[in-house]
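What follows is calculated from the coordinates using simple rules that are stated; it is not laboratory data. Values in this document were obtained by computation on a predicted structure and should not be read as measured data. All Cβ positions, even for glycine, are placed from backbone atoms using ideal geometry, and neighbour counts span all protein chains on display.
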Amino acid sequence: MSETRIDHDRLFKELLSTFFEEFVLLFFPRVYEHVDFNHLSFLSEEVLTDVTAGEKHRVDLLIETKLKGEDGLIIVHIEHQSYIQPAFSERMFIYFSRLFQKHRRRILPIAIFSYDAIRNEPSSFTVEFPFWAVLDFRFLAIELRKLPWREYIRHNNPVAAALLSKMGYNEDEKVEVKKEFLRMLTRLELDEAKQRLLFGFFETYLRLSDEEEIRLRNEVNTMEEKEAAKVMELIVSYEQKGMEKGMEKGMEKAKMDVAKRMLAKGYDADTIHELTGLPLEKIEQMKK
C-alpha cells in the first residue's frame, strides 16, 4: 500500500481516542496513577497558525481531564508524527505555548514518533546563553520503531496489540508478529467494533504476502488446540469480511459503469436511480 494513501492521523486518532486510558497505562504508568479517567473529554480540533513561517499546523488530539484529588485540569496533547521533520521539538514548544495561551491550564505534551526509520529524536527544546538558561521545555515521547515488540505481547492491552505493527521487528519476524497480535486479540475479548478497529490498524501497517499468510496458518496449527481454534476463527472471519467488502466494491463499480453508459445514451437521473439503485446525488455528480 502506498505510504501517501495512508491516513495516519485518522488511524491514530481512532485508536487513541477509543483506548486512551489503555494507552496511558501502557506507556506512562506514573501519569496513569494521577489521572482521573472518569473525567475525559476530547476537545474540538485545534488549528494553530505559525505567523512567522506562514503555516498552519493541526493539533492531533487534545484531551481534557482531571487530576486525582485536585480540581485543576490538564490538557494532554498527543502529536502523531509519521514522517521526519526538522526542528520538531521547537514545533512542540510552539504548540504548547499557543495552547497554554488559549486555555491557561497545565498541559502534558506527548509526541508519538511512528516513522519506519530509527532516529534519536530530542524530547526537549532549550533556549540558553553561556551565562543563563532561559527555557528548558520537555515533553513525553514514544519512538515506536525503537520498542522491542516481544516485550509487549504479554500485555492484555489493545493499544499494545495494535502498535506491534509499528514496533521494532525485522522482515523475517512479520509472520510471528501477526501471530502474536492475533493471540492478543483473542485474549482481549473485545466487541466486534473495537476488534475491527484494532485489526484494521494492524493490517494497515503490517500486511503479509500470500506465502507469509500460509506460513502463519501453519504456525497457528502448531498452537494449543483451543487457542489455535480461536485464532483460526478470527483469521477466517476477517477473510470473509474482506471478501464481502471486495464484492461490495465490485458491485458498486459495476453499477457506476452501467450508469455512465446510460447517461451517455441520454437516460435521465431518475430512471438510472430506479434501475441501478445509485443515489441521485452520485448520478448528478457523474454528469459533471
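A few comments on the model shown:
- Checking the cross-link pairs Lys166/Lys260; Lys174/Lys226; Lys13/Lys230 against a 32 Å limit on the alpha carbon distance flags Lys166/Lys260 as lying beyond it.
- Ignoring aspartates and glutamates fewer than eight residues from Lys282 along the same chain, the ones with Cα atoms less than 15 angstrom from its Cα are Glu252, Asp257, Asp268, Asp270, Glu274.
- q = 0.21, 0.24 Å⁻¹, the range 94-157: log10 I(q)/I(0) [Debye, one scatterer per Cα]: -0.98, -1.07
- Whether the range 64-197 is rounded, prolate or oblate, judged on the alpha carbon gyration tensor where a/c under 1.5 counts as rounded: oblate
- Calculated FRET efficiency, Glu225 to Arg145, Cβ-Cβ distance, R0 = 35 Å: about 0.50 to the nearest 0.05.
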